[in-house]
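Q: First, the structure itself, so that you have it in front of you.
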Amino acid sequence: KNQVEQSPQSLIILEGKNCTLQCNYTVSPFSNLRWYKQDTGRGPVSLTIMTFSENTKSNGRYTATLDADTKQSSLHITASQLSDSASYICVVSARDMRFGAGTRLTVKP
Amino acid sequence: DGGITQSPKYLFRKEGQNVTLSCEQNLNHDAMYWYRQDPGQGLRLIYYSQIVNDFQKGDIAEGYSVSREKKESFPLTVTSAQKNPTAFYLCASSMQRDLSSYNEQFFGPGTRLTVL
C-alpha cells in the first residue's frame, strides 16, 4: 500500500473555476511535504513546501494546507487557467521521499 | 527544467539490449537521482548518488546500473535483466541528500523508454 494517497485520480473543471486536490499520508516520522506540478511529458516542478509547523503556504493561485495531526494536505487552485492542466504530485519526506501517484487535472475552456 | 538535461527524449530498445540514458546538470549539485514513473504510480527511486564515485541502490535497482565519474553527470544503464523497462525515466538533482531534506529536487525533462 502506497504511503501517500492522492485523490481524486483525475479531475476535469471549467476554466475560471476553483478546485481542491487531496493528499493523505502515513509516512512517519514526517519532515516536510511538497506539491509538484508535472506537465505531460515533462519533469515535475515544485510548487510549495511545508514543514511540520506550517499550516498553509501559497504560491500565486496555488495554496497548500497541511494538517500534521490527521496527516492530510490539500492543494487549492483558484481561478483555474488552461495552463493548470497537468498532474499534481504530493511528496512526503521522512527518512526518504515518498511520492503519491498524482491527480491529473484537466481545465477546459 | 532547472539546468538538468536528459537525452534522448525518446528511446526505443529491442529485447536483450542494454541502453544508456544520459543526465547532466550544471547546478553544481552534489546529489543526483534516477526515478522511474509508471502510469497510476508514484515515482520510484532506482539509484541515487550523494558524491562523485559513490552511489546507492534505491527501491527498484534490479536490472539497472549507474556511474558517477563526474559531478555533473549520472548516466543510467537499463540492462537486459530489467524485465519490464518500458517507462518514463526522470533524473533529478539536489544540493544535498540528507534523510529529511528540505533541499528541493530539480527534475530533468525525462526520457521515455519503449521496448519493442
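The values are calculated or read from the model by the stated rules, or taken from the named source; none is laboratory data. Worth saying up front: this structure is predicted, and the values here are computed from it rather than measured. Positions of Cβ are generated from backbone atoms using ideal geometry, with glycine treated the same way; all protein chains shown enter the neighbour counts.
Q: List the number of the failed condition for residue A:66; all other conditions in (1) over 20 Å from residue A:9 (Cα atoms); (2) free of Cβ contacts under 8 Å to residues at least 60 places away in the same chain; (3) not aromatic (Phe, Trp, Tyr) hold.
A: The failed condition is (1).
Q: For segment B:23-65, give me each residue that is more than 24 Å from residue A:89 (Cβ to Cβ) and of a type in the set (Ser, Thr, Tyr).
A: B:65
Q: Can you tell me which of B:23, B:91 is closer than 20 Å to residue A:98 by Cα and at pLDDT 90 or above?
A: Every option except B:91 fails the conditions.
Q: Also: Could you go through segment A:20-34 and let me know if any residue there is closer than 30 Å to residue B:8 by Cα, in contact with a strand residue (DSSP E or B) (Cβ under 8 Å, 6 or more places away or on another chain) and surrounded by fewer than 17 Cβ atoms within 10 Å (Cβ to Cβ).
A: No, segment A:20-34 contains no residue that is closer than 30 Å to residue B:8 by Cα, in contact with a strand residue (DSSP E or B) (Cβ under 8 Å, 6 or more places away or on another chain) and surrounded by fewer than 17 Cβ atoms within 10 Å (Cβ to Cβ).
Q: Checking residue A:45 against (1) away from chain B (no Cβ under 14 Å); (2) surrounded by fewer than 18 Cβ atoms within 10 Å (Cβ to Cβ): exactly one of these is not met. Which one?
A: Unmet for residue A:45, out of (1) away from chain B (no Cβ under 14 Å); (2) surrounded by fewer than 18 Cβ atoms within 10 Å (Cβ to Cβ): (1).
Q: Quick check on my filter: what residues within segment A:77-109 are in a strand (DSSP E or B), away from chain B (no Cβ under 14 Å) and either touching a residue at least 60 places away in the same chain (Cβ under 8 Å) or more than 23 Å from residue A:17 (Cα to Cα) (or both)?
A: Within segment A:77-109, A:105, A:106, A:107, A:108 qualify.
Q: Does residue A:74 satisfy the criteria of being away from chain B (no Cβ under 14 Å), in a loop (DSSP other than H, G, I, E, B), over 18 Å from residue B:105 (Cα atoms) and small (Gly, Ala, Ser)?
A: no
Q: Going by what's in this entry, would residue A:49 be described as at pLDDT below 95 and within 22 Å of residue B:3 (Cβ to Cβ)?
A: Judged against the criteria, residue A:49 is a match.
Q: Within chain B, considering only strands (runs of 3 or more DSSP E) that don't extend past its boundaries, which have at least 1 residues that are away from chain A (no Cβ under 14 Å), of a type in the set (D, E, K, R) and surrounded by 15 or more Cβ atoms within 10 Å (Cβ to Cβ)?
A: B:10-13
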